[in-house]
Amino acid sequence: MKGRTGHRARLAVDMIACDGRGLCAEVLPELITLDDWGFPIIARGGLPPELQGQAGEAVRLCPKLALRIER
Amino acid sequence: MTATALAATGSQSLWLVSRGSGLILLVIFSAVMVLGVATRTGSKSASWPRFAVAELHRTVSLFAVAVLVLHVITAILDPYVSIGWIATVLPFASHYETLAIGLGALAIDLAGAVLITSLIRNRLGLRTWRTVHYLAYLAWPFAFIHAIRAAPYDSHIWWITSIEWGCLAAVATAIITRLLSRARPDATGAGPDAGAPGRGPRARAMR
Amino acid sequence: MDWGAIDSGGQRSAAGWQRRESRHRQDPAGPRPARPPGQLPRLLPDGFTDEPTHLGEHLARHGPLPAWGGALRWREELIAEVELAGLAGRGGAGFPTAKKLAAVASSGRRAVVVANGTEGEPISAKDKVLLAQAPHLVLDGAVVAAALVGANEAIIVAHSAVSDIVKAAVVERRRARADRIRLRVVPAADQFVAGESSAVVHWIERGIPKPMATRQRLSVSGLNGRPTLVQNVETLAHLALIARHGADWFRAVGTAREPGSMLVTLAGAVRWPGVYEIAIGTPVREVLGRAGGPSVPLSALLIGGYFGSWVDAEAAAALPFSTEGLAPVGGNVGAGLVAALPASACGLVETARVTRYLAGESAGQCGPCVFGLDAVAGQLERLADGRGASLGLLHRWIGQLRSGRGACKHPDGTIGMVRSALEVFSAEIDLHAEGWCTGTTEAGVIPVPAWSQS
């Protein structure tokens, strides 16, 4: 979703809250991959509008509430 | 006479539905507990990704609420026993089987808290949500004892008792598994060990 | 004063913090005019001294701070002057100071100033030496900064080795009623990450020296929710001088893009390890020359500290010591530290030791840092021991630990240093793969505190 400034929304992880459970990567594999220790690596380039819904799911599913969408 | 018979049948039906739904509810509630533990513990299986277990836990919980409503309404409406509406949520307000119904009411209160906090989890923050969620471990035993004691006449029916004790076994196993996995140092469920033999704080627990 | 005691690791390090005797002696006879612009040292006292500069001497040397009535226009003018001067943070990040001041000042709320003298980097000693020798300059800077951002309190977080000196200086000022704002000294925590800005705030607030996962910048909401200015103590010292002498005076040394002087810690294989004040842009060879030059032939330099980069000694010798000047070899002045590695030492061994130390100093809050740095350190140790490391795995992990994987820059900085090591010591890597090592001296040229399991 592009704002008026043209900036895309993006996914951000609170790495201190994150516990490497990996649910986010299951739901949003297009943008989130797991490193060798189970922690999320978020692809650069922001959140494309077509993945907005899935991203919302991932945010909701995170057991540590570590994922958020920043606009 | 038809009216009385009808009334009697109606009353009989309500009573049956109330007991039946109660048993089903116990099974479903037990499934919710097991799924809840499975969301956190144990390694990922290929066909059941973590988020699927989490979603299933959520879906089944909501289904349990529906069955709970049925169970409570039929129990109250049943003229054979007198349980006021208030006794549903206020423990020990019922004159009939005070302890048993009371525990059921407590279970409803606790489960209600768990449900509401889960629905607004994003606004509450993790700590509050988690503290309340742990009340589920209290709600289930209350529900179980309620199940056993609220319909004591059912204890003679072998398959009912089998189901009840089966539920206990399932939930107990889930809880023990959870406790055991917590005792292990790398209980974070983090990714596979990539083979680094480095010394150092390998097993440092994550906050 | 026992300079050897100034060592966060409790281990006697190679740097003895002794200053070379200068040709100039301090003239005790009355107040002096502003230093000629091009002359160093500016921050550190002239000549060898083992006593902190007292308030009287400080005022005699630098003159008093200009008086101000707290007028808004004065604040804006001084911030503009600082911007003109081009002062950048001396804590390692090099963030433009005027920008930071403006950000905190514009909040409109009561702010607080934190002078960061934690210096968690074990081999770096510049902040300790500055606080020990010229505490009043730092305190002046804190007071000026407080006036600029609208704070009525400044907290000086000083390394435990020098916090008593700073406390004594504060008492001196209080007795002389020198300042309008409240000054408070807090001894710093001892960990490596304790010097990070949010970690310092966390330390003051709750006694936990770990970076915070803040949604808001410190300039908006920091210590106790107030707009907070966290500034390295050296930066504040420069600020105190800019307030007196102006931007042109400041720019008289240094380069056009990176003006001013800076304190550097020279450690490792140099004749006289210690803290020196140099003009930014001085050729690296000359910088090392201040410490008497290399004591033995060198192979590489670690520039900028543990989060800096390794550079080839020959390649760097003629380059100007500035971020711009060192860019061709991938270097960055960082917190002003140069550790010289002799050719007789093995760069891989030293890198492995430093990386293992850094992995152990992780705050332990973020998975990639805790597990990733440990894994990388493990592979580097295997590489150094010639035990057959997997370079593929090492590069894979370095790729996974790219920027921003943690709540602070600890993993970023460490991996940056490791990357540079793999480049500079690539020949050594090939040798180790065959079972050879060029190192003939014992490991431990680069001082690393004895690592203890925390």
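A short reminder: the numbers here are calculations on the coordinates, not readings from a lab. Since the model is a prediction, treat every value here as computed from it, not as a measurement. Quick reminder, even Gly has a Cβ in these numbers, built from the backbone with ideal geometry, and neighbours come from all protein chains shown.
Observations on the model:
- Degrees, to the nearest 10: C:72-85 long Cα axis against longest axis of chain C: 40 degrees
- HN-Hα J in Hz across the range A:12-26 - Karplus 6.51, -1.76, 1.60, θ = phi - 60°, x for Gly and Pro: 9, 10, 7, 6, 7, 6, 4, 10, x, 6, x, 5, 4, 5, 5
- C:Leu298 long-range amide H proximity, modeled H, under 5 Å: C:Ala343
- The charge dipole of the range C:169-299, taken about the Cα centre with unit charges on the Cβ atoms of Lys, Arg (+1) and Asp, Glu (-1), comes to about 560 debye, rounded to the nearest 20.
- Karplus (6.51, -1.76, 1.60) ³J(HN,Hα), θ = phi - 60°, over the range C:416-423, in Hz, Gly and Pro reported as x: x, 5, 5, 4, 5, 5, 4, 6
- Taking label positions 7 Å along the Cα-Cβ direction at both A:Leu51 and B:Ala183, the computed distance is 4.2 nm, reported to one decimal.
- Put in line by how crowded their Cβ is, counting other Cβ atoms within 10 Å and starting with the fewest, C:His245, C:His54 read C:His54, C:His245.
- Taking the Cα centre of chain A as origin and assigning +1 to Lys and Arg Cβ atoms and -1 to Asp and Glu Cβ atoms, the resulting dipole is close to 460 debye.
- Converting phi to 3J(HN,Hα) with the Karplus coefficients 6.51, -1.76 and 1.60 and the offset θ = phi - 60°, the range A:54-71 yields 4, 4, x, 4, 4, 4, 5, 7, 4, x, 10, 6, 8, 9, 8, 9, 9, 9 Hz in sequence order, with x at every glycine or proline.
- Sorted by Cβ density within 10 Å, fewest first, the residues C:Thr265, B:Thr88: B:Thr88, C:Thr265
- Put a plus charge on the Cβ of each Lys and Arg, a minus charge on the Cβ of each Asp and Glu, and nothing anywhere else: the dipole of the protein assembly as shown about its Cα centre is then about 1620 debye.
- FRET E, pair C:Arg387, C:Asn152, Förster distance 56 Å, beta-carbon r, rounded to 0.05: 0.45
- Difference of contour (0.36 nm per residue) and Cα-Cα distance, C:Glu286 to C:Ala327: 12.9 nm
- Among beta bridges that DSSP assigns inside the protein assembly as shown, antiparallel share in %, nearest 5: 55 percent
- Length-normalised contact order for chain C - Cα pairs under 8 Å, 6+ apart - percent: 16 percent
- Once both labels are positioned 7 Å from their Cα atoms along Cα-to-Cβ, the gap between B:Tyr134 and C:Glu205 label points is 2.5 nm.
- Separation of the range C:341-357 and the range C:78-111, taken as the distance between their Cα centroids, equals 37 angstrom.
- Options C:Ser295, C:Tyr306, B:Ile120, ranked by Cα towards positive dipole end of the protein assembly as shown, top entry (Cβ charges): B:Ile120
- Its relative contact order, with pairs defined as Cα atoms under 8 Å and 6+ residues apart, puts the range C:86-198 at 30 percent.
- Nearest-0.05 FRET efficiency for C:Glu442 and C:Asp50, computed from C-beta distance (R0 22 Å): 0.10
- Under a 5 Å amide H cut-off, with hydrogens placed 1.01 Å from N, C:Val185 pairs with C:Ile156 among residues at least 5 apart or on other chains.
- Structure-based [θ]222 nm, chain A - -39500 (n - 2.57) summed over DSSP H runs of at least 4, per residue, nearest 500: -5500 deg cm²/dmol
- Gap separating the Cα centres of the range C:374-426 and the range C:263-334, nearest whole Å: 23 Å
- Most positive-pole-ward Cα, C:Gly268, C:Ala147, C:Pro187, against dipole of the range C:135-289 from beta carbon charges: C:Ala147
- Residues whose amide H lies under 5 Å from that of C:Asn152, counting only those 5 or more places away or on a different chain, are C:Ala111; hydrogens are built 1.01 Å from N in the peptide plane.
- In plain terms, the residue of C:Arg382, C:Arg177, B:Arg149 with the fewest other Cβ atoms within 10 Å comes first and the most crowded comes last, giving C:Arg177, B:Arg149, C:Arg382.
- Using a cutoff of 8 angstrom between alpha carbon atoms and counting only pairs six or more residues apart, the relative contact order for the range B:14-152 works out to 24 percent.
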